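Working notes for the structure below.
The values are calculated or read from the model by the stated rules, or taken from the named source; none is laboratory data. The shown structure was predicted, so the numbers you read here are calculated from the model rather than taken from an experiment. Cβ atoms come from the backbone with ideal geometry, glycine included; neighbour counts cover every protein chain shown. The accessibility values were calculated without ligands, DNA or RNA, using every heavy atom of the protein model including side chains. Shrake-Rupley method; radii C 1.70, N 1.55, O 1.52, S 1.80 Å.
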Amino acid sequence: MRGPEFDLSQPLGGPRWGEGRRDSRSDRVVGEGFLGATTHSDAAATEIGRIVDRFLTSMRSAIRQVMEVLPIDQEILAPVKEAAKNVDVALATGDVSRLSGLVDAINVAGDVLATRITGGYEVDEFGFDPHFHSHVWLPLWRPLFEHWFRVEVIGAENIPENGAGLIVSNHAGVLPLDGLMTTVAVHDHGGRALRLLAADLAMTLPVSAPFARRAGATLACAADAERLLEGGHVVAVWPEGFKGLGKPFADRYRLQRFGRGGFVSTAIAAGAPIIPCSVVGSEEIYPKLGEIPALARLLGVPYLPITPTFPLLGGLGGIPLPTKWTMEFGEPIETAHLGAEAAEDPMVVFELTDQVRETIQNTLFRNLARRGSVFFG
């Protein structure tokens, strides 16, 4: 299965930033009753301003909605306020010793909050809390989905209305925001709660750990994945793992290895269809220029990236660029006809893994070719 040929020596998704139409001018109405000449840079800056304004308005609305659900009180806020105070003092005085209890404070606040918002609701055997998922988790991420990344969803009809399905997607962007945006897309456009197969790190980090399972994530292991699929759930996996998430900006949209095809074996064993998912836009949110390996090892993380804004701008460097995303769900690849015994056949697994990978790669190239702008699509 071969896709169209692309010149990978050229920038993907249009001209390089700063090239092309920067100096061209056009007559546009600028304000009430005034005809002025504006550059494309002016128009782009205006549109980015509108994106930020729409996002902030939507985020305020989402926070109000979540606050109505969450019983937040002084017991929860106390460790957070103390942590914030210590950060302010450390920045002002340079005394980093005051930050020693920061992680503990965040953990305490997270544990109390997680217990408080899930105490009255049932969870399944994997720790999934449907009430938390629909009333807290999704509303917090929906403004990012709708107004920051402005995700265009294609092929939502390929998400199974009922029964199991395994969504397999490309992975990139330094932070796993593509997984969170896929969760919103599957719920809002496909009507299903997505169960994520997450790396061990997601279950141990101070902020994510208390909420990961409640939001629908479980460890990326064959046993849990097969049980979820046999239970009729829609499950998502990112076979590139950290290799894809942390790849350099120069390698964007070039899929890394899909491992040994464990996800295919799991889908075959459960008789579940595989839905290829291709995401364009996620690979430019944090352009990764390099790494700081020594500090990454010290912190126990796979990598510590260097981007144009991090660590130069500190916490502000964590704000993702407002790129325009396209998320396409391909036609399901059926596995039920293969029989469960095919899960042990390495040739069948290899061929199906290669088919899924090529389908995603070709779809990425096709959507990149039709994209006019990184930020405006």
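Across segment 175-331, what fraction of all alpha-carbon pairs, as a whole percent, falls in each successive 5 Å bin from zero upward?
The percentages, shortest bin first, are 2, 8, 15, 20, 22, 17, 9, 5, 2, 0.
Out of segment 259-367, which GluC sites (Glu not before Pro) are coil in DSSP terms and have no more than 13 other C-beta atoms within 10 Å? Show your work: numbers first, answer last.
Details: sites: Glu283, Glu284, Glu291, Glu328, Glu334, Glu341, Glu344, Glu351, Glu358; in loops: Glu334.
Passing sites in segment 259-367 are Glu334.
How long are the semi-axes of the equivalent ellipsoid of segment 199-262, taking √(5λ) for every eigenvalue λ of the Cα gyration tensor, in whole Å from largest down? Don't skip to the end; give the middle numbers.
Working: eigenvalues 109, 62, 17 Å².
Working through the eigenvalues yields semi-axes of 23, 18, 9 Å.
Would you mind checking the radius of gyration and Dmax of segment 257-346 based on alpha-carbon positions, in Å?
19.3, 54
Starting from the Cα-Cα distance between Thr204 and Glu351, subtract it from 0.36 nm times their residue separation and give me the gain in nm to one decimal.
Full-extension gain reported as 49.5 nm.
Any chance you could check the Cα centroid distance between segment 217-242 and segment 319-377 for me, in angstrom?
Here the two parts' Cα centres lie 17 Å apart.
Roughly how many Å² of Ile319 are accessible to a 1.4 Å probe, to the nearest 10?
90
Could you check how much of the accessible area of segment 214-336 is carbon and sulfur, as a whole percent, using a 1.4 Å probe?
Percent of accessible area from carbon and sulfur atoms in segment 214-336: 61.
Quick check on packing: order 251-261, 229-239 by the mean number of other C-beta atoms within 10 Å, highest mean leading.
The packing order, highest mean first, is 229-239, 251-261.
Report the percentage of all Cα-Cα pairs in segment 121-251 whose separation exceeds 17 Å, rounded to a whole percent.
The share of Cα pairs beyond 17 Å in segment 121-251 comes to 59 percent.
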